[in-house]
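Engineer: Mind having a look at this structure? Questions to follow.
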């Protein structure tokens, strides 16, 4: 089924940019640049769980949805551009809860003599294509959930907000809070709880709005990071391996993304170490899964 992705805030930004900044390249993503228009004979899925509604009209004026309802009862504003879209489905913009502005390179291409060469696995940032691809797929808001090129992420966020480039609204997550050792060249290795606090404070000041703990963080570092993030009224999620999920929950973590679920047992430390190494290899070899 053909989908027409639609959300009021996106339309408002799109209309403004289409009228004032066509040269920026944003206008390439705008198919409608008239202030008042109606989508006729569409199916509407409103995202509330109610059944889809057939043969609906959606009236938009100056970037805001004015009416959604049966075609026969629609009040069309004078001068509105009328567009028949039978066979299309109108849905709210999608919210990506775990997205990245990078793409995981092939692990095998970075192996030297059976090992990842120094300084470690390098992941390519894709600041031009990623925001455009997310938007083209209907994602109008996204959380980056871990950053490798943090200032690039912040610049992308600011350029989108200034209508200088197309892309979703971004909740920018700070650099991974990772312990030692890490196989990733772009990740800072925490040196202890004080370092974890410093990182949380610094990136809160730089404008990051969430945090992500990673596989080798210690329990003490994680506890301090969670408390400090909450002191800034921000949240911290985790892709954990060295800390079990029950332990992280007890420390007050806000969310858990993925990773093995360990119960604290006498042998859990050895099991965790082996499985963490397996995770790194699997993620590095696969597309964008960290």
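The values are calculated or read from the model by the stated rules, or taken from the named source; none is laboratory data. Keep in mind it's a predicted model, so treat the numbers as computed, not measured. Note that we place each Cβ from the backbone using ideal geometry, even for glycine, and neighbour counts take in every protein chain shown.
Engineer: With the requirement that a residue be buried (at least 20 other Cβ atoms within 10 Å of the Cβ), over 18 Å from the mean Cα position of the chain (by Cα) and not in a helix (DSSP H, G or I), what does segment 193-243 give you?
Structural biologist: 215, 216, 217, 240, 241, 242, 243
So that you can scan it fast, the table gives a plain yes or no per residue for (1) touching a residue at least 12 places away in the same chain (Cβ under 8 Å); (2) under 21 Å from residue 211 (Cβ atoms):
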position: 93; (1), (2): yes, no
position: 102; (1), (2): yes, yes
position: 106; (1), (2): yes, no
position: 109; (1), (2): no, no
position: 136; (1), (2): yes, no
position: 159; (1), (2): no, no
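Engineer: With respect to residue 104, determine if the residue is over 12 Å from the mean Cα position of the chain (by Cα) and surrounded by 12 or more Cβ atoms within 10 Å (Cβ to Cβ).
Structural biologist: yes
Engineer: Hey, any hits in segment 122-131 for a residue that's surrounded by fewer than 14 Cβ atoms within 10 Å (Cβ to Cβ), in a strand (DSSP E or B), under 19 Å from the mean Cα position of the chain (by Cα) and assigned by TED's automatic domain parsing to the domain that holds residue 208?
Structural biologist: So far as segment 122-131 goes, yes, one or more of its residues are surrounded by fewer than 14 Cβ atoms within 10 Å (Cβ to Cβ), in a strand (DSSP E or B), under 19 Å from the mean Cα position of the chain (by Cα) and assigned by TED's automatic domain parsing to the domain that holds residue 208.
Engineer: Consider residue 246 carefully, then state whether it is modelled with pLDDT of 60 or more, on the phi < 0 side of the Ramachandran plot and either touching a strand residue (DSSP E or B) at 6+ places or on another chain (Cβ under 9 Å) or assigned by TED's automatic domain parsing to the domain that holds residue 175 (or both).
Structural biologist: It is true that residue 246 is modelled with pLDDT of 60 or more, on the phi < 0 side of the Ramachandran plot and either touching a strand residue (DSSP E or B) at 6+ places or on another chain (Cβ under 9 Å) or assigned by TED's automatic domain parsing to the domain that holds residue 175 (or both).
Engineer: Another question, if that's okay. Just one of 138, 84 is out of contact with any helix residue (DSSP H, G or I) (no Cβ under 8 Å at 6 or more places or on another chain) and at pLDDT below 85; which is it?
Structural biologist: Answer to the selection: 84.
Engineer: Kindly indicate whether any position in segment 155-167 is part of a loop (DSSP other than H, G, I, E, B) and under 22 Å from residue 229 (Cα atoms).
Structural biologist: no
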